[in-house]
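Okay, structure first, notes after.
The values are calculated or read from the model by the stated rules, or taken from the named source; none is laboratory data. All figures in this text were calculated on a predicted structure; none of them were measured in a lab. Here the Cβ positions follow ideal geometry from the backbone for every residue, glycine too, while neighbour counts run over all protein chains shown. All accessible areas refer to the heavy atoms of the entire protein, side chains included, with ligands and DNA or RNA removed. Shrake-Rupley method; radii C 1.70, N 1.55, O 1.52, S 1.80 Å.
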Amino acid sequence: MNGVTLDLEERAKVTSGFKSGCSGHCTSYGANCENGGKCIEKYHGYSCDCSNTAYDGTFCNKDVGAFFEEGMWLRYNFQAPAVTARDTGSRAENSADQQQHLAPDLAQEQIHFSFSTTKAPCILLYVSSLTTDFLAVLVKPTGNLQIRYNLGGTREPFNIDVDHRNMANGQPHSVNITRHERTIILKLDHYPAVGYHLPSSSDTLFNSPKSLFLGKVIETGKIDQEIHKYNTPGFTGCLSRVQFNHIAPLKAALRQTNASAHVHIQGELVESNCGASPLTLSPMSSATDPWHLDHLDSASADFPYNPGQGQAIRNGVNRNSAIIGGVIAVVIFTILCTLVFLIRYMFRHKGTYHTNEAKGAESAESADAAIMNNDPNFTETIDESKKEWLI
């Protein structure tokens, strides 16, 4: 401070009322920010910054997706929006300014998205460049997934065909592609990842990326014949959590972000979560299963959020479980008490009954005789019932 180094930790040790060893909220709860979300420290808690992810929500775990109708497409321009000649003063200055805003060459990419469709063939994702380099993820007429890389140095694009799975079955599928120079790792749904290698003659740089397309490719210049063949009528279905490196084009189109100016849409984009989760789920381990007994006190589950305090309620799941367990215990105890009471009541009165049998019924000839002997009015009633009246 003002050029002087202050050792606050040493001063805290000799000052009463201070204890060492405290940490911020993100140190304990930062793992709650999922899918690459950044934990932001706050005075009364923390929040998750999801701006560089394809997710939304309190903990960056809510998918952002949309439904694409036939013929609809989305384009994300990597380079900054064009600067007009009026602002720069001349076309030459405008061209120089655009050169400064060109996207850098890429030696690696990370692509993540989820989709569902019943129509094939179609193009899911396409990345163009100012050169002949391109990257495409498409569904072939057979419903199989294909990834096409063209980085230069080879006569034909490098293809990765996943022929043993039908991806056009209407179910959500997750696609993760990671490339580092010539090594490509492909992971579909929750199946094990598979590695591929570009030819040794292939270049390792994706030169001058220009635009990213979703649903359909609307690009000037020469386009690969396979891409052109699969480009009509276009993708129909759902796309979700689309991310290319740190860029989330679908989220930029559906949410107002700093990258929204780079997006152009043809058609009406309707937000939907129909392509959110993959169909095939792998068995959950004890470390990720929220119902596992050893996991009840762990910190990796999704917990409620208290917007008034700006922090997550870490024991929200445990509290709810305790309440439900208590209610069930009370109901069972009440039922047991009721059964015990009914059983005791039934056995207490078992075998006892009361009759209105007239006295002396044992010595009388019949039950009517016993009644007549004990009730003198009974005979009078009989006599009155035998009287006749003349009208």
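The table below gives the values:
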{"quantity": "Descending semi-axes in whole angstrom, ellipsoid equivalent of the stretch 1-77, from the Cα gyration tensor", "calculated": "45, 15, 7"}
{"quantity": "Distance in nm between pseudo-label sites at residue 6 and residue 156 (7 Å out along the Cβ direction from Cα)", "calculated": "7.0 nm"}
{"quantity": "Surface share of carbon and sulfur [accessible, 1.4 angstrom probe, percent] for the stretch 23-63", "calculated": "46 percent"}
{"quantity": "Simple Cβ-charge dipole of the stretch 23-63, Lys/Arg +1 and Asp/Glu -1, about Cα centre, in debye nearest 20", "calculated": "100 debye"}
{"quantity": "Cβ-Cβ FRET estimate between residue 345 and residue 31, R0 fixed at 45 Å, reported to 0.05", "calculated": "0.20"}
{"quantity": "With DNA, RNA and ligands ignored, accessible area of residue 196 (1.4 Å probe; Å², nearest 10)", "calculated": "60 Å²"}
{"quantity": "Computed E for residue 118/residue 270 - FRET, C-beta separation, R0 22 angstrom, nearest 0.05", "calculated": "0.80"}
{"quantity": "All-pairs Cα distance distribution in the stretch 23-63, expressed in whole percent, bin size 10 Å", "calculated": "38, 49, 12, 0"}
{"quantity": "Listed residues 345, 46 arranged by accessible area, highest first, probe 1.4 Å", "calculated": "345, 46"}
{"quantity": "Charge dipole (the stretch 23-63, unit charges on Cβ, about Cα centre) - positive-most of 29, 61, 50", "calculated": "29"}
{"quantity": "Accessible area per residue, Å², the stretch 23-63 with all protein chains present, probe 1.4 Å", "calculated": "53 Å²"}
{"quantity": "6, 198, reordered so the largest accessible area comes first (probe 1.4 Å)", "calculated": "6, 198"}
